Amino acid sequence: MAKLKDHLGRPVVAVTGIGVVTSLGIGKADNWAALTAGKSGIHPITRFPIDQLNTRISGTVDFLPSSSKGASALTYELAETAAREAVTEAGIDLENFGGPLFLASPPVELDWHDRLALYKGGDQPDASRRVLEVARGLNSPDMFDSAQFGTIADRLSDAFGTTGLPITLSTACASGATAIQLGVEAIRRGECDRALSVGADGSATAEALIRFSLLSALSTSNDNPEKASKPFSKDRDGFVLAEGSAALVLESLESALARGATVLGILRGCGEKADDFHRTRSKPDGSPAIAAVKAALADAGLSEDEIDYINAHGTSTPENDKMEHLSLSTVFGERISQIPISSNKSMIGHTLSAAGAIEAAFSLMTMREGVIPPTINYDNPDPAIALDVVPNKKREAKVGTVLSNSFGFGGQNTCLVMAREPV
Amino acid sequence: MKSYDVVITGIGLVSSLGEGPDAHWQKLTATGTRPVLDVERFAPYTVHPLPEIDWNLQIVKRGDQRQMETWQRLGTYVAGLALDDAGIKTDEALCSTMDMVVAAGGGERDVAVDNDILAASESRADFDILLNEKLTTELRPTLFLAQLSNLLAGNISIVHKVTGSSRTFMGEEGAGVAAVETAAARVRSGQSTHMLVGGAFQTEHPDMLLGYELGAYLHRGVWKPVWQRTGSEGGGVVSGSGGAFLVLESREHAEKRGARIYAGLGPVRSGRARRKRGELSSTIETLLKAANLPQGPLLALSGASGGHAATSAEKTAMDAHAGLAARGFGTLTGHMKEAQFPFAVALAALAVHNKASYPVFDAASERNFDGIPEQVLATAVGYHQFEGLALVSAA
């Protein structure tokens, strides 16, 4: 009989449903097949013209009906699609979820094409005044909704019948992990028996790409898109902007067992630590990331030698991969070179607000399937980063526990520890 | 599980009325305080502008100030005021273990670049290519960071060294409600001993007005108190620049370090009415019931925005409770969106702490309140969606 309370007397949190969309496809089956085959979802950009752009490749999701309808519409559809798969798998009424919603999604902005349409709709000489005047005359619910930060969660709440005030959050590239953490905490506090945690990001617009490009964060390996994301390689030159979503149905183990649900994994622990060093760079000694990993292990009640596999943040930027290696070596010591660690981003790129959730979903599948997805494009190992990155080919392995890292701009560091089975 | 008492030990406030809890208490309890209005800069819209602020007082490094636009500077400044007020700001051990939830929208875009692109579009048929040309050459690389929602929290970490944890909630007034609710729940459950929670809104930018006006929510024409805008031109909301941060602690933690306690933070309740189905009134009623309101007269700091449907529903619900004496502080500060609910909670705590009520802000619409407020209600009913309230009690 599994223990229903954890080492700190809190309810054990199980995962009973998983949904995923990435540039590799819709749903767990397609994604897992591609991921374990070492297939890349990175491709030339076709959504908008690439004239003048230094980076002309991405991992956009181009195959959904909303793919050409702007960031808000696509982010909603990504979230809804993943949530539908997860709630269906959990065997919960699709219209009456019966627990709160935690959504990680990108900050919203009025789409440039809408701004242009407003401008074209009037003739007052001052552009700002004109846009305001036309906007109020038009009073378009769609345009209004697309620029409200709470809209996507509100619509998801309507669609799935989640309870109470939904929380939309941003911790930059750690957002997806934070959404899961908030769900775990709500269950542990006894506020609910189940929670729906979703990370979704469909915000790969030209402006988003240009912004990251101006910060020198993106790979410019345009000629060979599938090879562009190369975490832990010596010649890594930035991340690849990408889109996607994942949803987890989190449930107290007690509630999951009571209703006879299949337990897909356990959310053992969450840890976080903010960095006060710089807006985009990490403290050189890696201490905040180290603290986040240690906090997650402590929260999970596991020691360093009880982690079987690490799902890396592994963005493929020179800075991140170096810092991640430094912090992991500090926590795990000599053993770090023996722990398999791979980066899903080598295949799907960096899905920003969704990344933590997508990588948690893939971590859970790694344990269930007993297969570790590879780090592809590992052709020129960085000698300064001595890790077993599961290079280029998947590996069969018995994986009982996973550490998944998420780090983001603004000093965000969030780590999750997951386990295959309850204790 | 053990449950901890949640108390408020620090308050940081900025609005058009001034800065700090004392200045706000003085202004808001004086009779005949008039709102500070700017009716010209964004005409036909009225805004409550920021007061003059010496950023150096809370953001010492000029380099840090340069990395932010006004919204992030404002939030970072107000957070600093709250930390100072709680006696935590210079305590490195307390700051480095402090957890933070910030309610945020987005930062300011570069108006000059945007308008330049729009002007250039007059003579170009290839707008998307024009966009690439202009954005790649005219955007300041670091402006992106000043726009990112979570970088207000990021700047608070950098400037004030608050590094326990950092989370940013988005979603207009609801973000402020959820931030306070989550922060309180963390302290109550023992997940956190001390927390920084709040937000800021900088309305003096065309896009910040546009966010409302895409839904025709802004009031136009002659300014009126928040409860009296029905039937006026426009949608009823008059926005204001400002911010509110609170330091929440467990009573044990606060007492152990000898902190001054303003008030206890009682139940915090949130809701999501499906307003298109007409659920708003019943949701507000449900929230009021869930807050276990005391019998008899009760002062209520209402974050009403003036938005016609939402404010009218809130007024009706409050009027139905004979003892409720509402104070629509938006009359004097304007609507501060994500910061509105933390602001309401802060003003409620000040009334409890000072053992005195606020006079009516609108004699035609608000009831008198006599006596010492032992408990005070704080509300925020979003202009478009999401609702919440909290009960604040004598320490």
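Using the C-alpha gyration tensor of the stretch A:1-112, what are the square roots of 5 times its eigenvalues, in whole angstrom, with the largest one first? Don't skip to the answer; put the middle values down first.
Numbers: eigenvalues 224, 66, 41 Å².
Working through the eigenvalues yields semi-axes of 33, 18, 14 Å.
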Q: Please identify every one of the trypsin sites (Lys or Arg not before Pro) in the stretch B:37-90 that sits in a loop by DSSP and has no more than 10 other beta carbons within 10 Å of its own beta carbon.
A: B:Arg41
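Exceeding 24 Å between C-alpha atoms, which entries from my cross-link table qualify? They are A:Lys273/A:Lys322; B:Lys27/B:Lys256; A:Lys28/A:Lys394; A:Lys5/A:Lys345; A:Lys28/A:Lys393.
Those over the limit are B:Lys27/B:Lys256; A:Lys5/A:Lys345.
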Q: Springs between alpha-carbon atoms under 10 Å, Gaussian network over chain A: tell me which of A:Leu253, A:Leu94, A:Leu196 tops the mean-square fluctuations.
A: A:Leu94
Q: Scan around B:His335 for amide H atoms under 5 Å from its own, H built in the peptide plane at 1.01 Å from N, and keep only partners 5 or more places away or cross-chain.
A: B:Val238, B:Ser239, B:Gly240
Q.
Can you give the longest run of chain B that contains no GluC sites (Glu not before Pro) sitting in a DSSP loop with at most 12 other Cβ atoms inside 10 Å?
A. B:53-232
Q: Filter the trypsin sites (Lys or Arg not before Pro) in the stretch A:1-51 to those in DSSP coil with at most 12 other Cβ atoms within 10 Å of their Cβ, and list the result.
A: A:Lys3
Q | In Hz, Karplus ³J(HN,Hα) per residue of the stretch A:154-165 (6.51, -1.76, 1.60; θ = phi - 60°; x = Gly, Pro) | A | 4, 5, 5, 4, 4, 5, 9, x, 6, 9, x, 7
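Rounded, prolate or oblate: which fits chain B when a ≥ b ≥ c are the square roots of the eigenvalues of the alpha-carbon gyration tensor, with rounded for a/c under 1.5 and prolate only if a/b beats b/c? Could you put the intermediate results ahead of the total?
Working: a/c = 1.76, a/b = 1.20, b/c = 1.46.
The shape class here is oblate.
How large is Rg/Rh for the protein assembly as shown, to two decimals, with Cα atoms and a Kirkwood Rh? List each step's numbers first, then the result.
Details: Rg = 25.3 Å, Rh = 26.5 Å.
Radius of gyration relative to Kirkwood radius: 0.96.
Contact order normalised by length for chain A, with contacts defined as Cα pairs under 8 Å and 6 or more residues apart; what percent is it? The partial results should precede the final answer.
On the way: 1076 pairs, mean separation 102.0, N = 423.
Taking the mean separation of contacting Cα pairs over the length of chain A, I get 24 percent.
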Q. Setting aside same-chain residues fewer than 8 positions from B:Lys355, which aspartates and glutamates have a Cα under 13 Å from its Cα?
A. B:Asp370, B:Glu374
Q | Between the stretch B:340-395 and the stretch A:1-71, the Cα center-to-center distance that results, in Å | A | 45 Å
**Q.** From phi via Karplus (6.51, -1.76, 1.60), per-residue ³J(HN,Hα) for the stretch A:102-107 in Hz, x at Gly/Pro
**A.** 10, 10, 9, 8, x, x
**Q.** Value of relative contact order over the stretch A:299-361, rounded to a whole percent, pairs C-alpha under 8 Å and six or more apart
**A.** 42 percent
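Under the rule of -39500 (n - 2.57) per DSSP H run of 4 or more residues, summed and divided by the residues of chain A, what mean residue ellipticity at 222 nm is obtained, to the nearest 500 deg cm²/dmol?
On the way: 13 runs with 143 residues, N = 423.
Helices in chain A give a 222 nm mean residue ellipticity of -10000 deg cm²/dmol.
Averaging sequence separations of C-alpha pairs under 8 Å and six or more residues apart, then dividing by the length of chain B, give the relative contact order as a whole percent.
Numbers: 937 pairs, mean separation 91.8, N = 395.
Dividing the mean separation by the residue count of chain B yields 23 percent.
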(Q) Could you give each residue of the stretch A:274-279 its phi-based ³J(HN,Hα) in whole Hz, using Karplus coefficients 6.51, -1.76, 1.60 with θ = phi - 60°, and x for Gly or Pro? (A) 8, 10, 10, 7, 6, 5
Q | Normalised alpha carbon radius of gyration of the stretch B:185-318 [divisor 2.2 N^0.38 Å] | A | 1.30
Q. Looking only at B:Ser305, B:Ser281, B:Ser16, which one moves most when chain B is put into a Gaussian network model with springs between Cα atoms under 10 Å?
A. B:Ser281
Q: With a cut-off of at most 11 other beta carbons within 10 Å, and DSSP calling the residue loop, which chymotrypsin sites (Phe, Trp or Tyr not before Pro) in the stretch A:62-99 qualify? Please list them.
A: A:Phe63
**Q.** Of the DSSP H helices in chain B, those whose Cα atoms cover at least 20 Å axially and whose Kyte score averages 0.5 or more
**A.** B:340-354
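We did not get these values from a lab; they are worked out from the coordinates using the rules stated. On a predicted model such as this, the values are computed, not experimentally measured, just so you know. FYI the Cβ positions are ideal-geometry reconstructions off the backbone, even for glycines, and counts take in every protein chain you see.
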